[in-house]
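Heads up, the thing below is written out as structure tokens.
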Amino acid sequence: MKETGDGQGTDRFRAWMSHTPARLDVGRAGTRPPTKDMLRFRLDHAAAVDAVYGEVKPETLDEFGLFSADTQYRDKEHYLKYPGSGRLLTEESARMLADRCVSAPQVQIVVSDGLSGRAIDDNLADVLPALRDALAVNGLAEGTAFFVRGGRVGVMDDIGRLLKPEALVLLIGERPGLVTAASMSAYMCYRPGPGRRDSDRMVISNIHPGGTPPVEAGAHIGTLLRKMIEQQASGVKLDV
Amino acid sequence: MKLRTTLRGKEYRFRDLTDLLAKANEERSGDALAGIAAADMTERVAAKSLLADCLLSEIRLHSPLPPENDEVSRAIEEGIDEGTYASIRGWSVAELREYVLRTETDGSELLRIGRGMTSEMIAALCKLMSNLDLIQAAAKIEVITTCRTSIGYRGTLSSRAQPNHPTDHATGMKASLFEALAYGVGDAVIGINPVGDAAETIKSLLHATREVIAHWNIPTQNCVLGHVTTQMRAVQGGAPADLLFQSLAGTEEGNRGFGIDLALLREADALIRSEGTADGPNRWYFETGQGSELSANAHHGIDQVTLEARCYGLARRFDPFIVNTVVGFIGPEYLYDSKQVIRAGLEDHFMGKMHGLPMGVDVCYTNHMKADQNDMEALGVLLATAGVNFVIGVPMADDCMLNYQSLSYHDIATIRETLGKRPAPAFETWLEEAGILAGGRLTAAAGDARRFIY
């Protein structure tokens, strides 16, 4: 077998490594990873865990005048153990939405922390204005946007039951990975309501500066919403 | 079968064997989510006490999912060695536990009685065993399997190199694979989870891994973990596959959720036996994991430990080369924290071995579970002590495609060195010839992937 570590091999492996985000060529101390790589891993994991247990900053919501509704999530532990609790609003929040929101809007925008509050803090300021511009360009009228604390994707159906929008878009924090703890998804559904399935929804995922750029995502969501309303369908039935 | 008992002046009643099996489980979030868990610790012990007195014949008679209603139950029933069963049918689960733990009862005897047991009996036994019971009993059992190479020998710890890539990029995949090899990882299988489930993707990854194996003459096997039907199309199209892969569930309905049934598995089995590129008798790689049936709403009110055992009852019908439980992948609603994941890892490994399976574990967690890398390092050591056939290695424990953490290449080398475990024999010889391993330890040249660039 060839000798290792010659200059040429080094350059070629660096080039190969540039094709993957995997944590390669870290070296070792005995059989253990070097301290700086161990700490980098720990930092990325810490950021992911903190994103799960963190809350969306009040300033983020204030900036866009979003008021807060609650699901039946109770607390983080209950939210993680019983996903169903994040799919239903509390009775109090349901009453509040009935009071404060436009009923049967063309497009209902909902924002939720999901599994990463940081995803909302980091991306909403780029996604939401771009989305609103796109709604205007596509001639779509928006209802009353709000924030849902402790939401799961299925909460779209509970909101659909209450507010009866033609189309609903949920901007929600994704389960954090080590690459980024602040990735957002946009789930969309035509006439959401009880009994809708995953196949009835569309999603643009991986929205963060290193993935789907937030501003582009906002424009893309607007186009999809227009098609959903034109074709009166979403999910696998939509011809995109 | 007794379903009622009084402990410390309080009476506990259970509906049937299914209820007893569920409530006898150690605590886990999935059973609470399903609404079938014990209400408190004393009820848990009450269920264990009654289960201890159950006879194996009663467990067979009161199957939670009768064979006439479910093809997995039929596969389990058909797998029973009736002669062996007849010799143990009168034992209580308590007697079974003590027999399993006796010094005189060796691994081949455990494999013998395992062939006479249904998956529900093995699950019941597991529920009466402490973590150390599970480790000691499993450590007695040696399961050796052969595909292109043989693994599973006592004193070895094998590993799957899992060089996944977020876009199935062949060069990026190879960079991860070369680093695995440089740490002595990859003797069980070079196995890639593809992002895209197209036959062409699977074909190109099978060719890429085969090319590396051939170039460096590596004693291992390749596998690309797409859906079995896609792998079949790739193999029919001439792709070089040593193994077929499929995820299994413990109920017919759960398997339908995975897009498979027994007939499809039999068809795939015939294909890999005729068209596969390996010579050995073991041609399957199966994955399982507690909670998958509940997540597909296909659990029939049965607890996730019993359902997991049923996956193994199905798997053993196909004489697989490797089986592993992806223990911490499913999320906190099924296994909430490190205590639950560690317990489940030891349970699954023991139950798989009692079924005679070449059992590995993906020692892993997601970022919304209450667990971290320290917990995985601990579970890795416990499982290696229990004689686990293989574990999974990804660069620095971070799978950049599936977005979860498993064990690192470093961790596998460390566990081997700390516990005196060796890679599979042929792979060890290959590593020694490559100058990566000497006397069971990494050499100064190890850890550098550059040597494998060609």
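The values are calculated or read from the model by the stated rules, or taken from the named source; none is laboratory data. Just so it is clear, the structure is predicted and the values come from calculations on it, not from any experiment. Every residue, glycine among them, receives a Cβ derived from its backbone with ideal geometry; neighbour counts consider all protein chains shown. Side chains are part of the model used for accessible areas, which takes the heavy atoms of the whole protein and leaves out ligands, DNA and RNA. Shrake-Rupley method; radii C 1.70, N 1.55, O 1.52, S 1.80 Å.
Out of B:V195, B:V235, B:V212, report the one residue that is outside any loop (DSSP other than H, G, I, E, B) and within 25 Å of the chain's Cα centre (by Cα). Just one listed residue meets the conditions, B:V235. Scanning the range B:218-231 for residues that are of a type outside the set (V, I, T) and open to solvent by 10 Å² or more (accessible area, probe 1.4 Å), we see that the one that is farthest from B:P423 (Cα to Cα) is B:H227.
If the condition is being over 19 Å from B:L96 (Cα atoms), polar (S, T, N, Q) and crowded, with 22+ Cβ neighbours inside 10 Å, then the range B:1-57 contributes only B:S29.
The residues in the range A:90-134 that are within 17 Å of the chain's Cα centre (by Cα) and aliphatic (A, V, I, L, M) can be counted, and the count is 12. Look at (1) touching a strand residue (DSSP E or B) at 6+ places or on another chain (Cβ under 6 Å); (2) within 21 Å of B:M129 (Cα to Cα) and you find that B:V391 fails only one, number (2).
Of all residues in the range B:311-352, those satisfying the criterion of being among the hydrophobic types (A, V, I, L, M, F, W, C), open to solvent by less than 10 Å² (accessible area, probe 1.4 Å) and assigned to a helix (DSSP H, G or I) are B:C311, B:L314, B:A315, B:V341, B:A344, B:L346, B:F350, B:M351.
For the condition of a type in the set (V, I, T), facing another protein chain (nearest Cβ under 7 Å) and open to solvent by 30 Å² or more (accessible area, probe 1.4 Å), A:T10 qualifies.
Filtering A:R42, A:R32 for residues that are closer than 30 Å to A:K76 by Cα, within 9 Å of chain B (Cβ to nearest Cβ), exposed (fewer than 15 other Cβ atoms within 10 Å of the Cβ) and free of Cβ contacts under 8 Å to residues at least 12 places away in the same chain leaves a single hit, A:R42. For the range B:417-445, the tally of residues that are of a type in the set (A, V, I, L, M, F, W, C) and within 8 Å of chain A (Cβ to nearest Cβ) stands at 3.
Summed over the range B:129-157, the residues that are within 14 Å of another protein chain (Cβ to nearest Cβ) and open to solvent by 30 Å² or more (accessible area, probe 1.4 Å) give a count of 0.
The sole residue among B:G90, B:G116, B:G83 that is open to solvent by less than 60 Å² (accessible area, probe 1.4 Å), closer than 25 Å to B:V45 by Cα and not basic (K, R) is B:G90. With respect to being at pLDDT below 95, surrounded by fewer than 17 Cβ atoms within 10 Å (Cβ to Cβ), small (G, A, S) and over 13 Å from the mean Cα position of the chain (by Cα), A:G235 falls outside the description. In the range A:197-229, of all residues being within 13 Å of the chain's Cα centre (by Cα) and part of a strand (DSSP E or B), the one that is nearest to A:E166 (Cα to Cα) corresponds to A:M202. If the condition is being within 14 Å of chain A (Cβ to nearest Cβ) and basic (K, R), then the range B:158-204 contributes only B:K174.
Could you tell me whether A:T180 is assigned to a loop (DSSP other than H, G, I, E, B), away from chain B (no Cβ under 14 Å) and of a type in the set (V, I, T)? For A:T180, the condition - assigned to a loop (DSSP other than H, G, I, E, B), away from chain B (no Cβ under 14 Å) and of a type in the set (V, I, T) - is not met. Does any residue of the range B:375-391 turn out to be closer than 23 Å to A:M38 by Cβ and at the interface with chain A (Cβ under 10 Å from one of its Cβ atoms)? No, because not a single residue in the range B:375-391 is closer than 23 Å to A:M38 by Cβ and at the interface with chain A (Cβ under 10 Å from one of its Cβ atoms). Scanning the range B:312-340 for residues that are out of contact with any helix residue (DSSP H, G or I) (no Cβ under 6 Å at 6 or more places or on another chain) and within 13 Å of chain A (Cβ to nearest Cβ) yields a count of 5.
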